[in-house]
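Enquirer: Here's a structure for you.
The values are calculated or read from the model by the stated rules, or taken from the named source; none is laboratory data. Keep in mind that this is a model prediction, so the values were computed, not measured. Note that we place each Cβ from the backbone using ideal geometry, even for glycine, and neighbour counts take in every protein chain shown.
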Amino acid sequence: MGQIELKQVTKSFGDVQVIPPLDLTIHDGEFTVFVGPSGCGKSTLLRLIAGLEDITSGHIEIDGIDATDLVPAKRGLAMVFQSYALYPHMSVRNNIAFPLKMAKMDNAEIDKRVNAAADVLNLADYIDRRPGQLSGGQRQRVAIGRAIVREPSAFLFDEPLSNLDAALRVGMRMEISELHAKLGTTMVYVTHDQVEAMTMADKIVVLQAGVIEQVGSPLELYRAPRNTFVAGFIGSPKMNLLTGDEAAKHDAHTIGFRPEHIDVVESGGQWQGTVGVAEHLGSDTFFHIHNTGVAKILTVRAIGDVSLKHGDTIHLTPRASEMHRFDAEGLRIV
Amino acid sequence: MATKASRSAARLMMAPAVILLLGWMLVPLIMTLWFSFRTYLPLRGGDKGWTGFDNYVRFVTSSSFWPAVQTTLIIVVGVLIITVVLGILLAMLLDQPMWGQGIVRILVIAPFFVMPTVSALVWKNMFMDPVNGLFAHLWRLFGAEPVSWLSDAAMPSLIMIVSWQWLPFATLILLTAFQSLDSEQLEAAEMDGAPFAKRFFYIVLPHLSRAITIVILIQTIFLLAIFAEIFVTTGGAFGTRTLSYLIFQRVLESQNIGLGSAGGVYAIILANIVAIFLMRIVGKNLDH
Ligand SMILES: Nc1ncnc2c1ncn2[C@@H]1O[C@H](COP(=O)(O)OP(=O)(O)OP(=O)(O)O)[C@@H](O)[C@H]1O
Ligand SMILES: [Mg+2]
């Protein structure tokens, strides 16, 4: 079990309200990702769930039981910290065994569980080393190992991959996803990287300044962003948002096209512009286009390697069916 | 310091300091060694020539030698225990966010800036005086007989005075160690189900071990040589005669420089044994 419910939860540091009243349900077994820009309160929200911060008002229920005043250890949650927070003077084995020792489990059972975790995470080769003698990725695995031996009802991750290099991050991303599939335990995962959010999540919670902007599956958020903030935040590169005359033509304050929904044509497109920076990724090419008259810069994705150079004129046709429309408040027009 | 030229330049630049330090140490050391092998009684005939190891034998066979060693060790160990334990508690307190933190920290450090002679005098006259001291007044307030601290409880009083002086040092070093502890480690331990006491013993104390070793090492070196506090308070009476005080008495009160020098050489050997012993522990602790 691992259902977490937040009811009208708020958090203030002194006079500053970081989280305005917030409701959220995280279902059992779900992989939920909190995503949002830096300082929006993702970590704070996670720490409130963990019990490391006291909530200012509201209730937290875990598996239907009011956990608002429970100490962290009694909530049955395990957390993986951004800095890993391994105990530097203990071997990997003792690090992983620590929560079990604190729970006064007998030694045979501790050994069994530690060895099982070591198998799952491939820790066996360095189980007797100290954390200082491990690489970043290995430390990350130990931190996850320490979390899984407790068999918690939910895992909390606070930007666990942000200290790793790009290649390792992709690898660990897969491992965590696989772990989720294997264990089926609820996971709450904080990141500011929307690629991580899109690839891992069952459910994404987009936050801005402590407010939930939208909750939904990755594709829901991609297809139907509820407002301009979500539209700009989800998707890479960012959605092109146009205001003014071009939007007025479609009875909207703002319209948006994702870079992959604007086609590059030979001639006679709806818009023309000059090519600025071109990013060649091989499979795709991203063009930054100036002087279109509709927006300062447009970003466009062309499939494959398109040979347009800096300063060339480019012809574009947006796909009308993929247009997103927003009103003056930035809310989506259905 | 990679190239040959920069290495020799560095040696050249360091030479004056090294030579000065060596001279500073070597001259007194050699003189002490020289005198320790001679009968040298300034008021009773001066330098009377070579005596071999007589002074060394006399110094250790004197009835005051082993009690002095014992007194020295009791003071060192007593002060170390008090300063480290109280230092940890104080550092823990000072690490908490509180009102007036800056001022409180300065106040805690203040005793370290008071000269040993002065602080011993203050303790002797202001606190421990059996007639007019604050403790005497306090005792009388509760209807008790004032204690003559420096004669009836000379060793505990001395340990208290020296601990008071060295507590700021221990607190300061331990406080910086506390501040370098990653708070996420404590939070992780909290989530792992470790209550306060277990967090302290499993996470905080191992983290402090390095700082504690350093405190012990540095304090031991200085505590082996405390002198002013004894001179000002008890003058070596009431069982407070340490090794360094014994040497002082041999040289200045008995006017026997040869004998005192032999004691000095013993003190050097003792200090070095302790230092090597401690360095080993520190080395081990600093390894990881
Ligand atoms: N202990 C604290 N005291 C005061 N303000 C705090 C405290 N912790 C966080 N804040 C404030 O709360 C807001 C949210 O912080 P939080 O750490 O949750 O952001 P975040 O979304 O995790 O950002 P990041 O992606 O950079 O980690 C920030 O404006 C921060 O300044
Ligand atoms: Mg954060």
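Enquirer: Quickly run through the range A:162-189 and pick out the residues that are within 13 Å of ligand 1 (Cβ to nearest atom) and more than 14 Å from chain B (Cβ to nearest Cβ).
Expert: A:Tyr189
Enquirer: Still on this structure, please answer the following. Could you list, in sequence order, all residues of the range A:130-153 that are free of Cβ contacts under 8 Å to residues at least 60 places away in the same chain, within 12 Å of chain B (Cβ to nearest Cβ) and outside any loop (DSSP other than H, G, I, E, B)?
Expert: A:Pro131, A:Gly132, A:Gln133, A:Val142
Enquirer: Name the residue that is nearest to ligand 2 (Cβ to nearest atom), counting only residues in the range A:15-63 that are closer than 25 Å to A:Glu196 by Cβ, among the β-branched types (Val, Ile, Thr) and not in a strand (DSSP E or B).
Expert: A:Thr44
Residue-by-condition table, conditions (1) within 16 Å of ligand 1 (Cβ to nearest atom); (2) within 14 Å of another protein chain (Cβ to nearest Cβ); (3) modelled with pLDDT of 95 or more; (4) surrounded by 15 or more Cβ atoms within 10 Å (Cβ to Cβ):
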{"residue": "A:Asp28", "(1), (2), (3), (4)": "no, no, no, no"}
{"residue": "A:Pro37", "(1), (2), (3), (4)": "yes, no, no, no"}
{"residue": "A:Ser43", "(1), (2), (3), (4)": "yes, yes, no, yes"}
{"residue": "A:Asp54", "(1), (2), (3), (4)": "yes, yes, no, no"}
{"residue": "A:Gly64", "(1), (2), (3), (4)": "no, no, no, no"}
{"residue": "A:Ala73", "(1), (2), (3), (4)": "no, yes, no, yes"}
{"residue": "A:Leu77", "(1), (2), (3), (4)": "no, yes, no, yes"}
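Enquirer: Of all residues being modelled with pLDDT of 90 or more and in contact with an Asp or Glu (Cβ under 8 Å, 6 or more places away or on another chain) in the range A:303-332, which is surrounded by the most Cβ atoms within 10 Å (Cβ to Cβ)? Just the residue, please.
Expert: A:Pro318
Enquirer: For the condition under 28 Å from A:Val18 (Cβ atoms), buried (at least 19 other Cβ atoms within 10 Å of the Cβ) and touching a Lys or Arg at 6+ places or on another chain (Cβ under 9 Å), what is the one hit in A:Leu221, A:Leu161?
Expert: Being under 28 Å from A:Val18 (Cβ atoms), buried (at least 19 other Cβ atoms within 10 Å of the Cβ) and touching a Lys or Arg at 6+ places or on another chain (Cβ under 9 Å) holds for just one of A:Leu221, A:Leu161, which is A:Leu161.
Rundown of residues vs (1) hydroxyl-bearing (Ser, Thr, Tyr); (2) in contact with a strand residue (DSSP E or B) (Cβ under 6 Å, 6 or more places away or on another chain); (3) modelled with pLDDT of 90 or more; (4) more than 26 Å from A:Ile212 (Cβ to Cβ), yes/no style:
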| site | (1), (2), (3), (4) |
| --- | --- |
| A:Lys238 | no, no, yes, no |
| A:Leu242 | no, yes, yes, yes |
| A:Ala252 | no, yes, yes, no |
| A:Glu260 | no, yes, yes, yes |
| A:Val265 | no, yes, no, yes |
| A:Gly269 | no, yes, no, yes |
| A:Gly273 | no, yes, yes, yes |
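Enquirer: Scanning the range B:232-257 for residues that are without any contact (Cβ under 8 Å) to a residue 24 or more places away in the chain and not in a loop (DSSP other than H, G, I, E, B), which turns out surrounded by the most Cβ atoms within 10 Å (Cβ to Cβ)?
Expert: Initial filter on the range B:232-257 (without any contact (Cβ under 8 Å) to a residue 24 or more places away in the chain): B:235-236, B:247-249, B:251-254.
When the remaining residues are screened for being not in a loop (DSSP other than H, G, I, E, B), the result is B:247-249, B:251-253.
Details: B:Ile247: 22, B:Phe248: 19, B:Gln249: 19, B:Val251: 20, B:Leu252: 12, B:Glu253: 11.
It comes out as B:Ile247.
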